[in-house]
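To start, the structure under review is shown below, and the notes come after it.
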Amino acid sequence: MFLSKKGVTSLPICPSGSVGCQVSLGNLFDRAVKLSHYIHSLSSEMFNEFDERYAQGRGFITKAINGCHTSSLTTPEDKDQAQQIHHEDLLNLVLRVLRSWNDPLLHLVSEVQSIKEAPDTILWKAVEIEEQNKRLLEGMEKIVGQVHPGEIENEVYSRWSGLPSLQMADEDSRLFAFYSLLHCLRRDSHKIDNYLKLLKCRLIHESNC
């Protein structure tokens, strides 16, 4: 299944028992946009909850600017910049960003449990985002496969090396590492959400939206 949980429709890509079914590009984009919006909403909620509980008075925000592992990927900062990018390049950029989050999200799920008195809501959101990011990546690969058959690029992404920071003995340093990661996740999930809405408008509605 591509989508699930909390207001996001749970629908299989193909009906059970079907052979060689093909989901329309429009339906794939509908699901991808809903899922990316869901992921961004969860990311924002998780960041805000962590910020209120652990970051108050620590000055984290001034240190967290421009420290994302995906900064090596050149991403448009706003809608006008994104409009200038060919849809094929924008689709591949979405794939790269999503792949770049596979590893950090996997470790976030395991390491967040070490945070002192971490609330269940943060733990649940970390697990949910990790799972849904995989599903969004699968959906995007299907979309790219329809738009440009045979042209899916493999294993192009920005590597993350932040695990030691999430495991530091010094609590202040460790909390800042989590804060930075969640800050970047919120930033990137917002970008993905905007790029997918733009791509859907361009490819499905011929920019008439």
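The values are calculated or read from the model by the stated rules, or taken from the named source; none is laboratory data. None of the values given here were measured: they were computed from a predicted structure. Positions of Cβ are generated from backbone atoms using ideal geometry, with glycine treated the same way; all protein chains shown enter the neighbour counts.
Checking the condition touching a helix residue (DSSP H, G or I) at 6+ places or on another chain (Cβ under 6 Å), aliphatic (A, V, I, L, M) and at pLDDT 95 or above, which residue from 126, 177 passes?
126
Could you list, ordered by first residue, the pairs with Cβ atoms under 7 Å in which the first is in region 36-47 and within 17 Å of residue 97 (Cα to Cα) and the second is of a type in the set (Val, Ile, Thr), at least 6 apart or interchain?
Pairs that qualify, where the first residue is within 17 Å of residue 97 (Cα to Cα) and the partner is of a type in the set (Val, Ile, Thr), are 36/192; 38/8; 39/129; 43/129.
Which residues, taken from region 114-147, are β-branched (Val, Ile, Thr) and closer than 23 Å to residue 204 by Cβ?
Of everything in region 114-147, those that are β-branched (Val, Ile, Thr) and closer than 23 Å to residue 204 by Cβ turn out to be 143, 144, 147.
When the residues of region 48-60 are filtered to those that are in contact (Cβ under 8 Å) with a residue 12 or more places away in the chain and assigned to a helix (DSSP H, G or I), which remaining residue is surrounded by the most Cβ atoms within 10 Å (Cβ to Cβ)?
Once the filter is applied, the top-ranked residue is 50.
Of all the helices (runs of 4 or more DSSP H) wholly in region 118-209, which have at least 1 residues that are surrounded by 15 or more Cβ atoms within 10 Å (Cβ to Cβ), of a type in the set (D, E, K, R) and touching a Leu at 6+ places or on another chain (Cβ under 7 Å)?
Output list reads 120-147, 171-203.
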